[in-house]
1. Could you check how many residues of segment A:144-162 are assigned to a helix (DSSP H, G or I) and over 21 Å from A:D88 (Cα atoms)?
2. Please list, ordered by first then second residue, the pairs with beta carbon atoms under 8 Å, 6 or more apart or interchain, first in segment A:147-158 and within 7 Å of another protein chain (Cβ to nearest Cβ), second part of a helix (DSSP H, G or I) and surrounded by 23 or more Cβ atoms within 10 Å (Cβ to Cβ).
3. State whether the residues of segment A:52-72 include one that is more than 13 Å from the chain's Cα centre (by Cα) and either assigned by TED's automatic domain parsing to the domain that holds A:R135 or polar (S, T, N, Q) (or both).
4. Inspect segment A:13-28 for any residue being surrounded by 15 or more Cβ atoms within 10 Å (Cβ to Cβ) and within 17 Å of the chain's Cα centre (by Cα) and give the result as yes or no.
5. Among the candidates A:R66, A:R30, A:R41, A:R48, single out the residue that is within 14 Å of another protein chain (Cβ to nearest Cβ) and more than 20 Å from A:R135 (Cβ to Cβ).
6. Within segment A:71-87, take every residue that is over 13 Å from A:H31 (Cβ atoms) and in contact (Cβ under 8 Å) with a residue 60 or more places away in the chain and give me the one that is farthest from the other protein chains (Cβ to nearest Cβ).
7. Looking at segment A:27-58, which of its residues are free of Cβ contacts under 8 Å to residues at least 24 places away in the same chain and among the charged types (D, E, K, R)?
Amino acid sequence: MVTLERLTDGQLMERVQSGDRLAFAQIVERHKDAMVNYLTRLSGSRARGEEMAQECFVRLYLSRERYREEGKLGALLYRIATNLAYSDARRRRRRQVLSLGLVEGGQEPSTPESELLSREAHAQLLRAIGQVKLRFRAPLVLYAIEGLSYGEVARVLGCAENTVKSRISRGRRQLRQTLDREQGARSLVEPKGEEVV
Amino acid sequence: MDGERTDRNDATTGDELDRLLAALPRERAGRGFTDAVLSRIDRRPAQGRRWLPLAATGVAAAALLVVVAALHLERERAGRDELALRIAELRRDHARLSEELRQLRARLRREQPVLYLGGDDRVDYVLDLRRFVGEGAGVKKRDTSRGESL
């Protein structure tokens, strides 16, 4: 008897199409961390990321009959996730709610100073990612954080590879500008060092 | 995901940002994530069925609205027909009365305009109708009752 862990995504989806819920659970197990991470980075909220990731799998399940195996289940999931993030961003723009919870979900620090500094750096970077426009943020996160290639990002987002390269480049520029601004602001408010009189 | 990392190396050479981004701690799905997804799936068709009574109520309300509107329109149409008949009837009466009045006036002009009211051996009571030609009859009613003699 073949265990589900050994089956490919395509084989699992075939089983899902014939009503095998365990096969679907295996697909969720296999991809859940990637989806939660991607959607958390896109939305800037751990809770919303998890919520949208669940919805992402529900949508995959509901459209299981239309799934055609081409070895791209991961890309399909990223596409569904990206669409969800766009819808969520539109909804939030309409409500004019600013996304400020970029670092939520992290555990309270009870760690050495070096780790605290590292956490602060990460938090700063996450805040800056949240400032990048979503159309540049999505390809940048897919490429730099999720580790997809330009071609894979292009397939997920449904655009040309050169468009992806351009968007990633613009995303990096926006990210760098935001980080520079934050650094500049910090240097204005923080003391530069102790002066001995 | 498959290879295609050569372009990545070219594009990110010396770019600290990508390194920093890649070094970010990865978020992991919470405990019970898969169960939550499966329970959402179980709830979803139920949510779909919940729309059915709502949709049925909506259709029934719409049908009721159509019936009420149709009845109202029908009643309005019937009312309009009745009014039209009444107006036509009034117009016919008006035309008939106008014609009678015209004939009476013409007759007054042709004939001796007196109306015999009665009398005895000594006196005849008549009404001089010339005074009414072109005037309202009501104005002269007092004279009639007086029974002026010619």
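1. Narrowing segment A:144-162 to residues assigned to a helix (DSSP H, G or I): A:144-145, A:150-157, A:161-162.
If we keep only those that are over 21 Å from A:D88 (Cα atoms) as well, we get A:144, A:150-152, A:154-155, A:161-162.
Residues in segment A:144-162 being assigned to a helix (DSSP H, G or I) and over 21 Å from A:D88 (Cα atoms): 8 in total.
2. A:L148/A:Y78; A:L148/A:L142; A:L148/A:V156; A:S149/A:Y143; A:Y150/A:Y143; A:Y150/A:V164; A:Y150/A:I168; A:E152/A:L142
3. Our first condition is that a residue be more than 13 Å from the chain's Cα centre (by Cα); within segment A:52-72, this holds for A:54-55, A:57-72.
From the residues that got through so far, the ones that are either assigned by TED's automatic domain parsing to the domain that holds A:R135 or polar (S, T, N, Q) (or both) too are A:54, A:63.
The answer is yes; a qualifying residue exists.
4. Pass one, segment A:13-28, residues surrounded by 15 or more Cβ atoms within 10 Å (Cβ to Cβ): A:13-17, A:20, A:23-28.
Restricting the remaining residues to those that are within 17 Å of the chain's Cα centre (by Cα) gives A:28.
Looking through segment A:13-28, at least one residue is surrounded by 15 or more Cβ atoms within 10 Å (Cβ to Cβ) and within 17 Å of the chain's Cα centre (by Cα).
5. Values: A:R66 fails: within 14 Å of another protein chain (Cβ to nearest Cβ); A:R41 fails: more than 20 Å from A:R135 (Cβ to Cβ); A:R48 fails: more than 20 Å from A:R135 (Cβ to Cβ).
From the options A:R66, A:R30, A:R41, A:R48, the qualifying one is A:R30.
6. We begin by selecting, within segment A:71-87, every residue over 13 Å from A:H31 (Cβ atoms); these are A:71, A:82-87.
Checking which are in contact (Cβ under 8 Å) with a residue 60 or more places away in the chain leaves us with A:71, A:82.
Working: A:G71: 9, A:T82: 15 Å.
Filtering segment A:71-87 for residues that are over 13 Å from A:H31 (Cβ atoms) and in contact (Cβ under 8 Å) with a residue 60 or more places away in the chain, the one farthest from the other protein chains (Cβ to nearest Cβ) comes out as A:T82.
7. Matches in segment A:27-58: A:E29, A:R30, A:D33, A:E50, A:E51.
The values are calculated or read from the model by the stated rules, or taken from the named source; none is laboratory data. These numbers were taken from a predicted model, which means no experiment stands behind them. Positions of Cβ are backbone-derived with ideal geometry, glycine not excepted, and every protein chain shown enters the neighbour counts.
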